[in-house]
Amino acid sequence: MTYTVPKLKDFSANALRKATDDARFAFKDEDREVSSEAEWKLFRDRWLARKNGILTQINEMWLKAAPKEAKREVGQRVNELKQFIDGEFARNHDWVVAADKLASGLQPVDITLPGIQRPIGAEHPIIKTMNDMVAVFRNLGYSVEEGPVIETDYYNFESLNFPPNHPARDMQDTLFIANQESKPLRERLLLRTHTSPVQIRTMEKMKPPLRIVIPGKVHRNDPPDASHSPMFHQIEGLAVDTNITFGDLKGTLDHAMKAFFGSSVKTSFRPSFFPFTEPSAEMLVSCFICGGSGLRGSQGCRTCKLSGWIEILGCGMVDPNVFEFVKHNGYDPRKVSGFAFGMGPDRIALLKYGVDDLQLFFQNDVRFLRQFA
Ligand code: PHE
């Protein structure tokens, strides 16, 4: 049903409108059938070719054949039709070319355009700090373990020797998952307040000897400020074997701090308390900014608050009560001993890079993050 230009006998306004409308509809019908560039070229030539194209025929058969008094009207109508068809060809061409290239598996590409630059991301300073610290322990033969951020009361507290209602639970302002009251206490869900639950989880699935590091996210109900965030990170460590002593704890951590901060740092231990370690300690490193002097030139060192020491982690010998919870898997507290430690890489990154506001790490402003790339 291809369109052929009819001869006009009647040149009245109505007859003209009908004739030009028919041509338009015919054009649209043919346009819809076009699906490749080759077809599009045939279609274009059929309508626009100077020699015998449809518009040329219309010119001949309608305009030239029109009686004198109708010429003006016919001329106007034919012109409108011509403009419409020219416009349609101009508008449609890109689509046809694109569709055609897609069909042949080629994307339409304008190689003269400048390329789109995709900036390459970089390790976040906290993630970098964590990776660097984990690498130190991997070199000591530790393997990496992870655990869930949504924990049960059992793993976060009970199995770590926090008795129910013990004030030690208040030490860690816990964010609880809502509507858990109908469950027994130990099954209630919360956001883990430390990475220590992964100690138990790992001892449940792996027999001693064990040497693991546990990097991860933790949460506490602390309002955000320059040194606090409700979400932060920890790196936990656990070593269990026969005859592990406090000397092993000190030697391992002293080596790790020298590997991480530089061989000139010293470590110092002072007594502390955690329900899951006994004895417990806090470990400090000599200030890696002022070299432990507490002074920068004639001024006091701000990083260590003039003390020459920076608190880095909590640690201790695994409490025998903790081993009781995993005794069935080879952790008889009379046969094995171990040490554990937990540190905050966010604070370490803050000190190491001289950043004065913890929030900057979590606001994801590229102007800040770019400086570490
Ligand atoms: N889990 C303790 C805390 O978050 C840190 C710690 C880990 C202390 C392991 C001792 C041993 O404060």
Exercise for review: Keeping to the stretch 246-256, report how many residues are more than 16 Å from the ligand (Cβ to nearest atom) and not acidic (Asp, Glu).
Suggested key: 3
Practice item. Please specify each residue of the stretch 36-68 satisfying the condition of being touching a helix residue (DSSP H, G or I) at 6+ places or on another chain (Cβ under 7 Å), outside any helix (DSSP H, G or I) and among the polar types (S, T, N, Q). Key: SER36
**Study point:** Test set (1) away from the ligand (no atom under 12 Å from the Cβ); (2) without any contact (Cβ under 8 Å) to a residue 60 or more places away in the chain - HIS228 fails condition number
**Key:** (2)
Revision key, fill the gap. Of the residues in the stretch 231-245, those that are within 14 Å of the ligand (Cβ to nearest atom) and either open to solvent by 50 Å² or more (accessible area, probe 1.4 Å) or in a loop (DSSP other than H, G, I, E, B) (or both) come to ILE244
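For residues in the stretch 259-302 being among the aliphatic types (A, V, I, L, M) and in contact with a helix residue (DSSP H, G or I) (Cβ under 9 Å, 6 or more places away or on another chain), which is nearest to the ligand (Cβ to nearest atom)? Please lay out each step first, then the result.
Residues of the stretch 259-302 among the aliphatic types (A, V, I, L, M): 259, 265, 281, 283-285, 289, 295.
Filter again for in contact with a helix residue (DSSP H, G or I) (Cβ under 9 Å, 6 or more places away or on another chain), leaving 259, 265, 281, 283, 285, 289.
Details: ALA259: 19, VAL265: 20, ALA281: 8, MET283: 10, VAL285: 16, ILE289: 24 Å.
Per the stated criteria, the residue is ALA281.
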Exercise for review: Please name all residue pairs, on different chains or six or more residues apart, with Cβ atoms under 8 Å, provided the first residue is in the stretch 334-348 and is hydroxyl-bearing (Ser, Thr, Tyr) and the second residue is within 12 Å of the ligand (Cβ to nearest atom).
Suggested key: SER337/MET317; SER337/VAL318
Study note, to complete from the structure: Taking the stretch 158-181 and the residues there that are within 11 Å of the ligand (Cβ to nearest atom) and at pLDDT below 95, the one that is surrounded by the fewest Cβ atoms within 10 Å (Cβ to Cβ) would be MET171
Check your understanding: When residues of the stretch 133-157 are filtered for being surrounded by fewer than 20 Cβ atoms within 10 Å (Cβ to Cβ) and free of Cβ contacts under 8 Å to residues at least 60 places away in the same chain, how many remain?
Key -> 4
Study note, to complete from the structure: In the stretch 206-224, residues that are part of a strand (DSSP E or B) and open to solvent by 40 Å² or more (accessible area, probe 1.4 Å) total 2
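Mind counting the residues in the stretch 277-289 that are assigned to a loop (DSSP other than H, G, I, E, B) and open to solvent by 20 Å² or more (accessible area, probe 1.4 Å)? I'd like the intermediate steps shown before the answer.
Of all residues in the stretch 277-289, those assigned to a loop (DSSP other than H, G, I, E, B) come to 287-289.
Next, from what is left, pick out any that are open to solvent by 20 Å² or more (accessible area, probe 1.4 Å): 288-289.
Result for the stretch 277-289: 2.
Among the listed residues ASP346, ASP319, which satisfies the condition of being touching an Asp or Glu at 6+ places or on another chain (Cβ under 8 Å), of a type in the set (Asp, Glu) and open to solvent by less than 70 Å² (accessible area, probe 1.4 Å)? Spell out how you get there, then give the answer.
Values: ASP346 fails: touching an Asp or Glu at 6+ places or on another chain (Cβ under 8 Å).
Checking each option against the conditions leaves just ASP319.
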Exercise for review: Considering only residues that are more than 10 Å from the ligand (Cβ to nearest atom) and touching a residue at least 40 places away in the same chain (Cβ under 8 Å), look in the stretch 182-197 and name the one that is surrounded by the most Cβ atoms within 10 Å (Cβ to Cβ).
Suggested key: LEU191
Exercise for review: Go through the stretch 303-316 and count every residue that is open to solvent by 20 Å² or more (accessible area, probe 1.4 Å) and more than 21 Å from GLY216 (Cα to Cα).
Suggested key: 5
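Using the structure shown, decide if ILE111 is at pLDDT 90 or above, more than 15 Å from the ligand (Cβ to nearest atom) and either farther than 30 Å from ARG367 by Cβ or not in a loop (DSSP other than H, G, I, E, B) (or both). Let's see the steps before the verdict.
On the way: at pLDDT 90 or above: no; more than 15 Å from the ligand (Cβ to nearest atom): yes; either farther than 30 Å from ARG367 by Cβ or not in a loop (DSSP other than H, G, I, E, B) (or both): yes.
When the stated conditions are applied, ILE111 does not pass them.
The values are calculated or read from the model by the stated rules, or taken from the named source; none is laboratory data. Given the structure is predicted, the values throughout are model-derived calculations rather than measurements. Neighbour counts are summed over all protein chains in view; Cβ atoms, including those assigned to glycine, are modelled from backbone coordinates with ideal geometry. To get the accessible areas, we keep the full protein, side chains included, count just its heavy atoms, and leave off ligands, DNA and RNA. Shrake-Rupley method; radii C 1.70, N 1.55, O 1.52, S 1.80 Å.
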